[in-house]
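Remarks on the structure that follows.
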Amino acid sequence: MLTITLLVAALQQGAPVDSPRAQVTEGAAAASPEAPELRRIDLAEWRVHLLPGEVDMRFARIPWEPTFLDGVRRASEQERPLLLWLMNGHPLGCT
Amino acid sequence: MLDTALKRWGELSKDERLLDPEADQPPAHRWEDGFPEGGLAVSRISRDLSPEGLEASPSNRWNRDTLWCSKEEIAAMLPEVAEVGTELQLQLLADRLAQLALVDDARGQTLPFAPAEVALARLVGRVVEVNGAKVTVELSGSTRARAAETWLLGDDNWTPRRRTPHGIECELLGTATLDLAARSFDSLDLVALGTRWGRTTFNGRGKDLGPSLVGFHLTLTTDRLAPTFASLYGVDWIPRPEVPTWRDSPAESRLERR
């Protein structure tokens with residue numbers, strides 16, 4: 001019993017109380033996946049893995065204007081209509 | 001619907017089609033006007049990660065944001081001179097990363113952390129090469145943040161109606177080149193891998209309370225995109241709107257926020 005108690009105590013000391021590994025979600029202790037070991041030798045591979053690829057960045061091919069007014073001005077200059085497509089969310093919210 | 005709209009537009013006179021000159025007023029405030037000229041502008045990518053790590057295909061759940069530090073803030077973090085082996089404590093950058101940038105937004109809009117919610121924010125640069133004023137540092141660090149139900153960042157346009165507990169912890173590793181004479185970063189290549197749990201109202205984690213893995217990459221950018229949480233930087237070098245952005249008309253300013 002003493003061995004088991006010590007083992008449990010040791011395991012609990014492994015994660016701070018505010019760590020995901022110490023969290024309980026929706027009434028059940030969730031198994032926390034270990035983050036892959038971050039090694040300097042793998043940094044270039046992680047960069048490629050994390051950065052958006054060509055398909056991810058298709059939206060950037062559109063010549064966006066920074067504000068709606070800039071778009072209206074450009075539409076007026078070109079005498080063309082402007083399509084306004086709105087979505088809810090914070091303007092800086094990366095929705 | 002588009003066909004109808006185009007038909008109606010075709011029926012307008014030329015004057016009606018063009019922008020009313022009286023309406024051609026520049027916005028009174030744009031957050032990107034706070035872009036830190038001569039300082040640090042960082043592009044930050046977040047992406048969901050599989051437990052298989054690099055063995056898995058990259059998740060298509062990713063997002064981007066920016067992080068800013070002013071020229072003065074960077075200058076205050078960097079030494080006048082450094083030699084191989086010198087360790088630089090990049091505390092302000094670590095704090096800003098932990099509070100505002102290493103957040104769980106890979107699936108949607110999320111919330112930042114208050115300083116009191118950051119249990120750990122550490123970023124150290126160890127000098128590995130010196131070439132005159134140019135210095136190469138290997139970066140390493142850790143962050144850990146946990147938010148409870150109480151919002152601690154005051155009345156802001158990010159103030160949530162309600163909040164659920166969530167948190168994230170990350171390990172960071174990377175490289176940077178610094179110009180100690182110019183007091184600036186010449187390059188930055190920083191990776192963070194971490195574990196997130198819980199959810200915020202709009203971050204797409206309603207049925208995915210985790211814990212699960214997320215990754216981040218940070219590098220310098222010249223894009224003048226404002227950081228998501230620019231309004232919460234609490235610095236005087238980012239101009240704030242005269243009228244809070246959630247009350248931008250007299251009628252709205254009389255409304256109680258619910």
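Give the residue, chosen from B:Leu209, B:Leu152, B:Leu225, that is in contact with a His (Cβ under 9 Å, 6 or more places away or on another chain), open to solvent by 10 Å² or more (accessible area, probe 1.4 Å) and part of a loop (DSSP other than H, G, I, E, B).
On the way: B:Leu152 fails: in contact with a His (Cβ under 9 Å, 6 or more places away or on another chain); B:Leu225 fails: in contact with a His (Cβ under 9 Å, 6 or more places away or on another chain).
Result: B:Leu209 is the single residue among B:Leu209, B:Leu152, B:Leu225 that is in contact with a His (Cβ under 9 Å, 6 or more places away or on another chain), open to solvent by 10 Å² or more (accessible area, probe 1.4 Å) and part of a loop (DSSP other than H, G, I, E, B).
Criterion first (modelled with pLDDT of 80 or more, under 27 Å from B:Thr200 (Cβ atoms) and more than 7 Å from every other protein chain (Cβ to nearest Cβ)) does A:Met57 satisfy it? Quick ask: steps written out before the conclusion?
On the way: modelled with pLDDT of 80 or more: yes; under 27 Å from B:Thr200 (Cβ atoms): yes; more than 7 Å from every other protein chain (Cβ to nearest Cβ): yes.
Spelling it out, A:Met57 is indeed modelled with pLDDT of 80 or more, under 27 Å from B:Thr200 (Cβ atoms) and more than 7 Å from every other protein chain (Cβ to nearest Cβ).
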### Query
Which residue, of B:Ala41, B:Ala94, B:Ala121, is at pLDDT 95 or above, away from every other protein chain (no Cβ under 11 Å) and part of a helix (DSSP H, G or I)?
B:Ala94
### Summary
Among the residues of the range B:11-36, the number that are more than 9 Å from chain A (Cβ to nearest Cβ) and loosely packed, with under 10 Cβ neighbours inside 10 Å is 7
### Query
Are any residues in the range B:118-175 small (Gly, Ala, Ser), within 25 Å of B:Pro211 (Cα to Cα) and out of contact with any Phe, Trp or Tyr (no Cβ under 9 Å at 6 or more places or on another chain), and if so, which ones?
B:Ala119, B:Ala121, B:Ser140, B:Gly141, B:Ser142, B:Ala148, B:Gly174
### Query
Does the range B:83-93 hold any residues that are within 28 Å of the chain's Cα centre (by Cα) and open to solvent by 40 Å² or more (accessible area, probe 1.4 Å), and which are they?
B:Glu87, B:Gln89, B:Gln91, B:Leu92
### Query
Residues of the range A:39-82 being loosely packed, with under 10 Cβ neighbours inside 10 Å and over 25 Å from the mean Cα position of the chain (by Cα), which ones?
A:Gln78, A:Glu79
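With respect to B:Glu80, determine if the residue is more than 14 Å from every other protein chain (Cβ to nearest Cβ), farther than 28 Å from B:Ala147 by Cα, open to solvent by 40 Å² or more (accessible area, probe 1.4 Å) and modelled with pLDDT of 95 or more. Lay out the reasoning, then the answer.
On the way: more than 14 Å from every other protein chain (Cβ to nearest Cβ): yes; farther than 28 Å from B:Ala147 by Cα: yes; open to solvent by 40 Å² or more (accessible area, probe 1.4 Å): yes; modelled with pLDDT of 95 or more: no.
Against the criterion (more than 14 Å from every other protein chain (Cβ to nearest Cβ), farther than 28 Å from B:Ala147 by Cα, open to solvent by 40 Å² or more (accessible area, probe 1.4 Å) and modelled with pLDDT of 95 or more), B:Glu80 does not qualify.
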#### Entry: Hits in the range B:113-144 (condition: under 18 Å from the mean Cα position of the chain (by Cα), more than 12 Å from B:Gln89 (Cα to Cα) and basic (Lys, Arg))
B:Arg144
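Are any residues in the range B:212-222 within 8 Å of another protein chain (Cβ to nearest Cβ) and open to solvent by 20 Å² or more (accessible area, probe 1.4 Å), and if so, which ones?
So in the range B:212-222, the residues within 8 Å of another protein chain (Cβ to nearest Cβ) come out as B:212-213, B:215-217.
Residue satisfying the conditions is B:Ser212 alone.
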#### Entry: Residue in the range B:178-194 that is surrounded by the most Cβ atoms within 10 Å (Cβ to Cβ), counting only those that are under 18 Å from the mean Cα position of the chain (by Cα) and either within 12 Å of another protein chain (Cβ to nearest Cβ) or over 22 Å from A:Arg40 (Cα atoms) (or both)
B:Ala192
### Message
Among the residues that make up the range B:97-106, is at least one of them of a type outside the set (A, V, I, L, M, F, W, C), within 15 Å of the chain's Cα centre (by Cα) and open to solvent by 20 Å² or more (accessible area, probe 1.4 Å)?
### Response
yes
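The values are calculated or read from the model by the stated rules, or taken from the named source; none is laboratory data. Model, not experiment: these values are computed from the prediction. Virtual Cβ from ideal backbone geometry, glycine too; neighbours counted across all protein chains shown. Just so you know, the surface numbers come from the protein's heavy atoms only, side chains and all, with ligands and any DNA or RNA stripped out. Shrake-Rupley method; radii C 1.70, N 1.55, O 1.52, S 1.80 Å.
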